[in-house]
Structure formats: structure tokens, C-alpha cells
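Below is one structure, written out as C-alpha cells; comments come after it.
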Amino acid sequence: MGSIAENIASVRESLAKSAAAAGRPVDGVTLMAVSKTRHADELRAVAAEGIRDFGENYLQESLDKIEALADMPLVWHFIGPIQSNKTRPIAEHFDWVHSVDRDKIGRRLAEQRPAGMAPLNICLQVNISGEQSKSGCLPEQLPALAEALDGLPNLRLRGLMAIPQATDDERAQRAVFARMRALLSELQQEHPQMDTLSMGMSGDMAAAIAEGSTLVRIGTAIFGPRDYSQKS
Ligand SMILES: *Cc1c(COP(=O)(O)O)cnc(C)c1O
């Protein structure tokens with residue numbers, strides 16, 4: 001891997017190629033840097049390349065970084081599993097939450113979002129590969145969950161998120177993402193403001209963009225491999 005600047009340039013190039021191949025405008029796909037386990041200085045280097053959107057999984061380390069980078073106009077996305085007793089700091093410090101997979105979490109976020117702030121954008125996380133251990137609601141639970149959360153004060157229901165089972169087979173990747181796109185399009189009949197498909201990571205970004213992703217979540221391809229032994 002190269003420097004952070006080189007890595008970002010190469011991710012942007014692949015993103016642009018995939019968008020062009022799909023006949024989609026390049027600015028229809030937001031590039032989010034997934035910065036879990038990374039130090040605030042590394043995030044600053046990414047922000048210096050013009051990336052504004054950052055995704056974090058672990059609450060305590062993310063709050064430290066949000067504070068350390070408060071001088072920059074960044075957009076913070078919470079993308080990790082959520083315990084219901086940890087919703088308040090998420091509601092108070094983030095702009096987006098991608099990992100809402102049950103009614104209770106959405107209601108708590110709505111209640112705890114400070115009224116003076118912009119509404120919190122949320123995506124419903126779908127367990128699209130049907131893995132028992134994975135978080136996310138089942139596809140068949142989506143209509144009821146969307147119905148329960150759409151219209152709550154201080155919350156804006158924006159779309160769907162998934163972390164499919166990893167595979168190198170691009171046809172298999174596309175089949176899963178196509179299913180996500182179909183699920184969103186069904187929900188849009190009742191919830192036309194839903195405009196976001198949060199899908200695509202370092203290993204499956206091209207397939208996700210081909211199937212309509214509007215926001216890709218990229219960690220390794222920007223920062224290099226993660227070293228969890230360094231995590232405090
Ligand atoms: C870690 C993570 C990513 C980024 O994965 P990479 O393979 O490093 O690009 C994206 N989304 C979620 C929810 C993650 O937890």
C-alpha cells in the first residue's frame with residue numbers, strides 16, 4: 001500500500017471507473033473513510049485530501065476523535081453494533097447512524113437527539129446474508145421497522161445498510177447488492193425520502209456501485225490493514 005494520499009487517489013479512481021461503467025454520476029457515490037482503530041492524526045491526513053465523511057464503530061474511541069477533530073467540518077457516521085444503553089452519546093455526537101436494526105434503538109435515538117441539532121439520519125441495517133451471528137434485521141422485518149421509525153421527531157429515515165458475507169466472487173457480491181437495491185425500492189413506495197444505499201467496502205466496492213450503492217464505506221484500501229492489537 002502507498003501513502004494515505006496515494007491510497008485515496010487510487011480508491012477515487014476505482015470509484016469513478018465503477019460509476020462510469022454503471023452509467024452513474026461519480027458524485028452519486030459518497031466515499032466514507034472507515035476510521036475505526038485509527039488515530040486522529042491519520043483522520044486529519046484523510047480529511048486533508050478532501051474526504052468529509054468518517055465512519056466509526058467503537059463509541060469511546062470515536063468520541064475522542066470527534067472532539068480532537070472538532071475544528072474540521074466533518075460528517076460523522078456511526079456504523080457499529082449499538083447497545084441500547086449507549087444510544088445517548090451517539091444521538092448527541094453523530095450525523096448518521098447506519099446500524100439501526102430494531103425499533104427500540106431507533107426510538108431511543110429519536111428521544112435523545114438534542115432538539116437544536118439537525119435531525120439524525122438513519123439507515124436500517126439488514127442481515128442480508130442470513131448469518132446467525134451478524135447484526136441487522138431480517139429483510140422481512142424491514143417494512144414494520146421502517147413504519148415504526150419514519151416520522152419520529154429528530155430522526156430522518158434515509159436508507160439501508162448491509163455488511164454481506166465476504167466473498168471474492170463478484171457475481172455473488174452483485175447478487176446480494178441487487179437484493180438490497182430491490183428491498184430499498186420496495187420501501188420507497190411507502191417512504192419516498194429513503195435515498196441511501198450504504199453498501200460496498202474495500203473488497204466489494206465495484207460490485208456495490210454497479211448495483212446502485214450511494215455510499216461506500218472504505219477502511220483498508222485507504223488506511224492499510226487494521227492492527228487490532230494496538231486498540232486501546
Ligand atoms: C470495518 C468496516 C468497514 C470497512 O471495511 P474495509 O474492508 O476495511 O474497507 C465498512 N463497514 C463496516 C460496518 C465496518 O465495520
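The values are calculated or read from the model by the stated rules, or taken from the named source; none is laboratory data. Given the structure is predicted, the values throughout are model-derived calculations rather than measurements. Please note: Cβ atoms are built from the backbone with ideal geometry, for glycine as well, and neighbour counts cover all protein chains shown. Note: areas computed on protein heavy atoms with side chains; ligands, DNA, RNA excluded. Shrake-Rupley method; radii C 1.70, N 1.55, O 1.52, S 1.80 Å.
General remarks:
- Test: Asp195 is free of Cβ contacts under 8 Å to residues at least 40 places away in the same chain and more than 15 Å from the ligand (Cβ to nearest atom): yes
- Filter result for Ala146 (on the phi < 0 side of the Ramachandran plot, assigned to a helix (DSSP H, G or I) and either touching a residue at least 12 places away in the same chain (Cβ under 8 Å) or open to solvent by less than 40 Å² (accessible area, probe 1.4 Å) (or both)): yes
- Of the candidates Ala47, Ala22, Ala68, Ala5, the single residue that is away from the ligand (no atom under 14 Å from the Cβ) and exposed (fewer than 14 other Cβ atoms within 10 Å of the Cβ) is Ala5.
- Filtered residue count, the stretch 177-203, keeping only those that are closer than 15 Å to Gln125 by Cβ and in contact with a strand residue (DSSP E or B) (Cβ under 7 Å, 6 or more places away or on another chain): 10
- Filter result for the condition that a residue is modelled with pLDDT under 95 and either closer than 28 Å to Ser202 by Cα or surrounded by 16 or more Cβ atoms within 10 Å (Cβ to Cβ) (or both), over Ser135, Ser99: Ser135
- Number of positions in the stretch 169-192 that are part of a helix (DSSP H, G or I) and more than 16 Å from the ligand (Cβ to nearest atom): 16
- Checked against the criteria, Ser135 counts as touching a residue at least 24 places away in the same chain (Cβ under 8 Å), in a loop (DSSP other than H, G, I, E, B) and closer than 23 Å to Thr87 by Cα.
- Qualifying residue in the stretch 33-49 (condition: in a strand (DSSP E or B) and over 21 Å from Arg226 (Cα atoms)): no
- Filtered residues of the stretch 198-232 (kept if among the hydroxyl-bearing types (Ser, Thr, Tyr) and within 9 Å of the ligand (Cβ to nearest atom)): Ser198, Ser202, Thr220
- Residue list for the stretch 60-87, filter: assigned to a loop (DSSP other than H, G, I, E, B) and more than 24 Å from Asp103 (Cα to Cα): Leu69, Ala70, Asp71, Met72, Pro73, Leu74
- Filter result (buried (at least 24 other Cβ atoms within 10 Å of the Cβ) and not in a strand (DSSP E or B)) within the stretch 194-203: Met199, Gly200
- Some residue of the stretch 107-114 being touching a Gly at 6+ places or on another chain (Cβ under 9 Å), buried (at least 17 other Cβ atoms within 10 Å of the Cβ) and under 21 Å from Ala162 (Cα atoms): no
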